[in-house]
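Structure first, then comments.
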Amino acid sequence: MAPKIFIDGEHGTTGLQIRTRMAGRRDVELLSIPEAERRNAALREDMLNSADIAILCLPDEASKEAVQMVSANNNVRVIDTSTAFRVNPGWAYGFAEMDGAQADKIKAARFVANPGCYPTGAIGLIRPLRAAGLLPDGYPVTVNAVSGYTGGGKQMIAQMENPDHPDAITAPHFLYGLPLTHKHVPEMTVHGLLDRAPIFSPSVGKFAQGMIVQVPLHLDDLAEGTTMESIHAALVAHYAGQNIVTVVPLAESKALPRVNAVELEGKDTMKLFVFGTPGGSHVNLVALLDNLGKGASGAAVQNMDLMLAS
Ligand SMILES: NC(=O)C1=CN([C@@H]2O[C@H](COP(=O)(O)OP(=O)(O)OC[C@H]3O[C@@H](n4cnc5c(N)ncnc54)[C@H](OP(=O)(O)O)[C@@H]3O)[C@@H](O)[C@H]2O)C=CC1
Ligand SMILES: CC(=O)N[C@@H](CCC(=O)OP(=O)(O)O)C(=O)O
């Protein structure tokens, strides 16, 4: 019998994209509730407890309630796409490529926390350098990013797409998270293996799906002898043997005049770049992804497939 999957929040931005990715699959059975009943708690509880895997695409508080609804039922495994459980040690962090053991942890887990979109880029760049000893303790990491507006869910989509919305946003590109306390900072710190929280400055552009995450570094303050080439080599070694996260060859990135935030729209992969000048004193590490692909729905389906393979 095909495993049953229930997407709680299936009519929201992340949920809909997961549904699209599952369309036509015969190896799983999708349980579904009509859109008008999406907040019917009794019906949701029933569906959640009938699933082999429940994928939660809800705000944090609703996710916590959904987890409560299945906590006594060991037959149900959970993938949560919210921020609620990402630094909870009882949950596996759903970034399979972040180190060699992570895919097996996800396969075996009952509870999997799907990473945030920005942390996927930031951790993807930072963790291999921490693991290789290139990024020393105490280094003041900064993370600057731009996201497509679908990252803000249904509400921001309406603000960006509907000029008559009472809170319509007309800016083509805006900074937010200005108090520097964005909810993704703990996750970047813990899974980036950082001993100091990074300064994180996010922004949104007037495009639906796509994301650039930048981590600029001073080579003089890294482990002695670290160069642009050794950073690139560490990333290449870290991501060897899989095809979701690719490290762009230095010769290729050197020839690029610009990086297009929407290049990976609709794709579930991530590209990493190392920019700088050979012999120079600075590098800029860049991750390119779709906030709804490897940054959310694509990662959730990848995690579901790992869990089903266990
Ligand atoms: N968008 C993105 O790029 C990413 C999103 N995420 C996370 O995924 C989760 C979902 O976000 P997103 O899809 O963007 O949000 P949306 O607002 O687009 O969708 C959320 C869905 O959940 C429903 N919902 C809200 N509260 C409840 C409740 N109490 N009970 C049942 N259903 C409820 C909403 O219904 P209603 O329409 O009635 O409000 C809506 O259908 C969030 O935790 C978000 O942080 C993670 C990574 C990236
Ligand atoms: C553009 C935008 O608003 N983005 C969201 C993050 C989207 C994401 O990664 O989702 P989680 O909330 O699940 O972490 C934000 O900054 O809150």
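When residues of region 81-106 are filtered for being in a strand (DSSP E or B) and among the aromatic types (F, W, Y), how many remain? Before you say what the answer is, go through the steps one by one.
To start, the set of residues in region 81-106 that are in a strand (DSSP E or B) comprises 92-93.
Among the residues that remain, those that are also among the aromatic types (F, W, Y) are: 93.
Qualifying residue count, region 81-106: 1.
Which of the residues belonging to region 181-216 are more than 13 Å from ligand 2 (Cβ to nearest atom), over 24 Å from T269 (Cα atoms) and touching a strand residue (DSSP E or B) at 6+ places or on another chain (Cβ under 7 Å)?
Selection gives P198, I199.
Which of the residues belonging to region 163-217 are assigned to a strand (DSSP E or B), under 23 Å from V274 (Cα atoms) and open to solvent by 30 Å² or more (accessible area, probe 1.4 Å)?
Matches in region 163-217: I199, S201, Q214, P216.
Taking only region 1-57 into account, find how many residues are over 19 Å from Q68 (Cα atoms) and either in a strand (DSSP E or B) or of a type in the set (A, V, I, L, M, F, W, C) (or both).
Summing the residues that are over 19 Å from Q68 (Cα atoms) and either in a strand (DSSP E or B) or of a type in the set (A, V, I, L, M, F, W, C) (or both) in region 1-57 gives 13.
May I ask you to list pairs of residues, at least six apart or on different chains, whose Cβ atoms are under 7 Å apart, with the first in region 119-138 being closer than 16 Å to P186 by Cβ and the second being assigned to a helix (DSSP H, G or I) and open to solvent by 10 Å² or more (accessible area, probe 1.4 Å)?
These pairs meet every condition: P119/H191; I123/H191; R127/H191.
Going through region 252-276 one residue at a time, which ones are open to solvent by 10 Å² or more (accessible area, probe 1.4 Å), out of contact with any helix residue (DSSP H, G or I) (no Cβ under 8 Å at 6 or more places or on another chain) and farther than 13 Å from I212 by Cβ?
Within region 252-276, E252, K254, A255, P257 qualify.
In this structure, is G15 surrounded by 16 or more Cβ atoms within 10 Å (Cβ to Cβ) and among the small types (G, A, S)? Step through it out loud before you land on a result.
Working: surrounded by 16 or more Cβ atoms within 10 Å (Cβ to Cβ): yes; among the small types (G, A, S): yes.
The answer is yes for G15.
Would you mind finding the one in A158, A132 that is within 12 Å of ligand 1 (Cβ to nearest atom) and over 20 Å from the mean Cα position of the chain (by Cα)?
On the way: A132 fails: within 12 Å of ligand 1 (Cβ to nearest atom).
The unique qualifying residue is A158.
Looking for whichever is in contact with a helix residue (DSSP H, G or I) (Cβ under 8 Å, 6 or more places away or on another chain) and buried (at least 21 other Cβ atoms within 10 Å of the Cβ) here; the options are T120, T83. Which one fits?
Numbers: T83 fails: buried (at least 21 other Cβ atoms within 10 Å of the Cβ).
Sole residue among the options that is in contact with a helix residue (DSSP H, G or I) (Cβ under 8 Å, 6 or more places away or on another chain) and buried (at least 21 other Cβ atoms within 10 Å of the Cβ): T120.
Can you tell me which residue within region 229-243, out of those that are in contact with a helix residue (DSSP H, G or I) (Cβ under 7 Å, 6 or more places away or on another chain) and open to solvent by less than 50 Å² (accessible area, probe 1.4 Å), is nearest to M98 (Cα to Cα)?
By that ranking, first place goes to L235.
When the residues of region 58-80 are narrowed to those that are within 11 Å of ligand 1 (Cβ to nearest atom) and part of a helix (DSSP H, G or I), which ends up surrounded by the most Cβ atoms within 10 Å (Cβ to Cβ)?
For region 58-80, the residue satisfying everything is A66.
The values are calculated or read from the model by the stated rules, or taken from the named source; none is laboratory data. This is a predicted model, so every value here is computed, not measured. Cβ coordinates were reconstructed from backbone atoms using ideal geometry, including for glycine residues, and neighbour counts include every protein chain displayed. In case anyone asks, the SASA skips ligands and DNA or RNA and just uses the protein heavy atoms, side chains included. Shrake-Rupley method; radii C 1.70, N 1.55, O 1.52, S 1.80 Å.
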